[in-house]
Amino acid sequence: MELCRRALVGAALAAPALLPARGFAQTAVARPARIILGFAAGGSTDLVARLLADQLRGRYAPAVVVENRTGAAGRLAMEAVRAGDPDGTIMVQTPASVATVQPNLFPAETRFDIFADFAPVTTVATFPYVLSAGPAAPGVTDFASFLAEARRAGGFSYGTPGTATGPHLTGIQLQLGTGLELTHVPYRGGAQSIADLVGGQIPISMNVLSEALPHAEAGRIRILAVSSPQRSPRLPNVPTFAELGLPGATREDWFGVLLPARTPRPIVEALNAALGAALQVPEVRERMSSLELTPTHESPEAFAARIRRDYDSVAALVREGRLTAG
């Protein structure tokens, strides 16, 4: 992976100022561009960024490379782009949690203002969460039986990939909407929480769809509800939380691209258009679908509104004491 990255960087530095490619007479920016990530290579965030970097070459810049700048749970990447030149050559691809959860939970450690320091471009992918039951909850076969069993037992423990993750936020909203006593069990990642669900160590879990689906298809767990606004094409018989009368638990998290504040509007629009074209490429859509991600493109204004909506939702949970850093 490192050798590949070096090769890409070398190609970027050697590229001509304007490279005719993919049928474009010239690119929006004349110099190579970088997509900064706050996470290591190999994860879904990284895979999506590399898919898009390849498609942006020639559409947006002569070359586009991905730079993994890990640390501080993704905040270092945000800080790097905040301090970057607003010329369109540096951007960040971030999950929602870094932009909307961390500033609320860790204000002292967050050295960026998500609203003042960035120019939102677009979301590039969205993905839902699912509530699942495992062998430790044999009587739970659907959402109705989950409610009945939880009330009979006086509550349930439920696992998530960690505190302040999207599944945890969805679990809080589920608890608020149902009035159930649900005890949060945070893990160090989704793979661990799913493993304990399958192994019978916890009865219930909230996870990213891609983590739960293989086990559901193998009959090891049962998916009870999905957090997306509409039913998942992969789970046509599984209701959404909204259908179950719990609209507050509707949550679709995202990966999005932002530029530094003060980036000229024509560059923001050019990157938005280039990303929109990239997300229509069949190979990109097929690869993202294999990761259980939905390619998603929207205007800078719609993306800015999404960030504000999600930020305010988390802020309300923190303000009410329902979400803490502890």
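Quick grid of which residues meet (1) touching a residue at least 24 places away in the same chain (Cβ under 8 Å); (2) charged (D, E, K, R); (3) touching a strand residue (DSSP E or B) at 6+ places or on another chain (Cβ under 7 Å):
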{"position": "E292", "(1), (2), (3)": "yes, yes, yes"}
{"position": "P300", "(1), (2), (3)": "yes, no, yes"}
{"position": "D310", "(1), (2), (3)": "yes, yes, no"}
{"position": "A315", "(1), (2), (3)": "yes, no, no"}
{"position": "R319", "(1), (2), (3)": "no, yes, no"}
{"position": "A325", "(1), (2), (3)": "yes, no, no"}
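A single entry from T296, T240 fulfils the requirement of being open to solvent by less than 60 Å² (accessible area, probe 1.4 Å), β-branched (V, I, T) and more than 30 Å from S157 (Cα to Cα): T296. Which residues, taken from the stretch 123-143, are among the β-branched types (V, I, T) and surrounded by fewer than 24 Cβ atoms within 10 Å (Cβ to Cβ)? If the condition is that a residue be among the β-branched types (V, I, T) and surrounded by fewer than 24 Cβ atoms within 10 Å (Cβ to Cβ), then T126, V140, T141 are the ones that fit. Among the residues of the stretch 144-181, write down those that are outside any helix (DSSP H, G or I) and open to solvent by less than 20 Å² (accessible area, probe 1.4 Å). Selection gives G155, Y158, G159, T160, G162, A164, L180. Looking across the stretch 182-207 at every residue that is more than 18 Å from I223 (Cα to Cα) and not in a strand (DSSP E or B), the one that is least open to solvent (accessible area, probe 1.4 Å) is identified as G189.
The set of residues in the stretch 34-58 being under 18 Å from T263 (Cα atoms) and in contact with a Lys or Arg (Cβ under 9 Å, 6 or more places away or on another chain) consists of I35, I36. From the list A242, A273, which one is assigned to a helix (DSSP H, G or I) and either among the aliphatic types (A, V, I, L, M) or in contact with a Pro (Cβ under 6 Å, 6 or more places away or on another chain) (or both)? Just a single option satisfies the conditions, and that option is A273.
Residue check: G276 meets all listed conditions (1) modelled with pLDDT of 95 or more; (2) open to solvent by 20 Å² or more (accessible area, probe 1.4 Å) but one, namely (2). Of the listed requirements (1) at pLDDT below 95; (2) open to solvent by less than 60 Å² (accessible area, probe 1.4 Å), L56 misses just one: (1). Does L259 meet the test of being farther than 20 Å from L293 by Cβ, at pLDDT 95 or above, in a helix (DSSP H, G or I) and within 23 Å of the chain's Cα centre (by Cα)? Taking the combined requirement at face value, the residue does not satisfy it. Within the stretch 217-236, the presence of a residue that is part of a helix (DSSP H, G or I), touching a Lys or Arg at 6+ places or on another chain (Cβ under 7 Å) and open to solvent by less than 50 Å² (accessible area, probe 1.4 Å) is excluded. Listed by position, the strands (runs of 3 or more DSSP E) contained in the stretch 51-135 that have at least 3 residues being polar (S, T, N, Q) are 118-133.
The condition of being aromatic (F, W, Y) and closer than 20 Å to T45 by Cβ holds for only one of Y187, Y158, that being Y187.
The values are calculated or read from the model by the stated rules, or taken from the named source; none is laboratory data. Please read these numbers as outputs of a predicted model, since none were measured by experiment. A quick note on method: Cβ atoms are made from the backbone with ideal geometry, for glycine too, and the neighbour counts reach across all protein chains shown. Protein only, heavy atoms only, side chains kept; ligands, DNA and RNA dropped before computing areas. Shrake-Rupley method; radii C 1.70, N 1.55, O 1.52, S 1.80 Å.
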